[in-house]
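The values are calculated or read from the model by the stated rules, or taken from the named source; none is laboratory data. None of these values were measured; they are calculated from a predicted model. Glycine gets a Cβ as well: all are built from the backbone with ideal geometry, and neighbour counts include every protein chain shown. Keep in mind that these areas ignore ligands, DNA and RNA; they rest on the heavy atoms of the full protein, side chains included. Shrake-Rupley method; radii C 1.70, N 1.55, O 1.52, S 1.80 Å.
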Amino acid sequence: AEHTNDSLDVVKRAMAEEKAVRIDVREPEEWREGHVAGALLLPLSSLEKGVDREALAKVLPKDKVIYCHCLAGGRCVAAAAILAPLGYDVRALKPGYPQLVQAGFPAVVGK
């Protein structure tokens, strides 16, 4: 897997049009320190342990683009490599959490 070429404007538009969902593959403690509003937490460590396809299908729609991000762009590529063979249109974002916030994605802190 590689990082997507989709710009952050494309990501924002896809999210606004409900054509995409965003997942954060960082760990729960990182998530609690701050995350992008509207993202779902799906830690890479959980994906690496193995995924229950039925449970995953309840949270991740196969008919939408799945944008994944982490802190610096590395873990999301690994997550995309796990999810893509399961039939998801998953696209790893090179910008990490801090860059997404700087780009105007609203942050949620402490939840």
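Lys pairs in the chain, Cα-Cα under 18 Å, at least 8 apart or on separate chains: how many?
Within the chain, the lysine pair count is 5.
Set the Förster radius R0 to 30 Å, insert the Cβ-Cβ distance between Asp9 and Ala72 as r into 1/(1 + (r/R0)^6), and round the FRET efficiency to 0.05.
That pair, Asp9 with Ala72, gives E of 0.90.
For the chain, what is the calculated [θ] at 222 nm in deg cm²/dmol (nearest 500), taking -39500 (n - 2.57) for each run of four or more DSSP H residues and dividing by its residue count?
When only DSSP H runs of four or more count, the value is -10000 deg cm²/dmol.
Tell me the net charge near Ala79. Cut-off is 15 Å between Cβ atoms, Ala79 excluded, with +1 for each Lys or Arg and -1 for each Asp or Glu.
Residues near Ala79 contribute 0 overall.
How much length would be gained if the chain were fully extended between Ala103 and Leu86, taking 0.36 nm per residue of separation minus their Cα-Cα distance, in nm to one decimal?
Taking 0.36 nm per residue and subtracting the Cα distance, the gain is 3.1 nm.
Could you pull out the longest piece of the chain with no exposed loop GluC sites (Glu not before Pro) in it, calling a site exposed if DSSP puts it outside H, G, I, E, B and it has at most 16 other Cβ atoms within 10 Å?
The reported range is 19-111.
Please compute the per residue accessible area over the chain with all protein chains in place, 1.4 Å probe, rounded to a whole number of Å².
Dividing the accessible area of the chain by its residue count gives 54 Å².
Candidates [x] 153; [y] 92; [z] 172; which is the computed volume of the Cα convex hull per residue in Å³?
Working out volume of the Cα convex hull per residue in Å³ from the coordinates points to [y].
Under 11 Å from the Cβ of Pro43, count the other residues' Cβ atoms, weight Lys and Arg +1, Asp and Glu -1, and hand me the total.
Its environment carries a net charge of -2.
Leaving out ligands, DNA and RNA, what percent of the accessible area of the chain is carbon and sulfur, probe 1.4 Å?
52
Can you pull out the trypsin sites (Lys or Arg not before Pro) in the stretch 1-90 that DSSP calls coil and that have at most 12 other Cβ atoms within 10 Å?
Loop-located and lightly packed - Lys19, Lys62.
Before anything else, pin down the relative contact order of the chain: Cα pairs under 8 Å, at least 6 apart, normalised by residue count, whole percent.
Relative CO of the chain lands at 35 percent.
Mind putting a number on the dipole of the chain about its Cα centre? Charges go on the C-beta only, +1 for Lys and Arg and -1 for Asp and Glu, and I need it in Debye to the nearest 20.
Dipole about the Cα centre, nearest 20: 100 debye.
Need one number: nm distance between label points at Ala37 and Glu2, each 7 Å from Cα along Cα→Cβ, rounded to one decimal.
According to this spin-label approximation, the distance is 3.5 nm.
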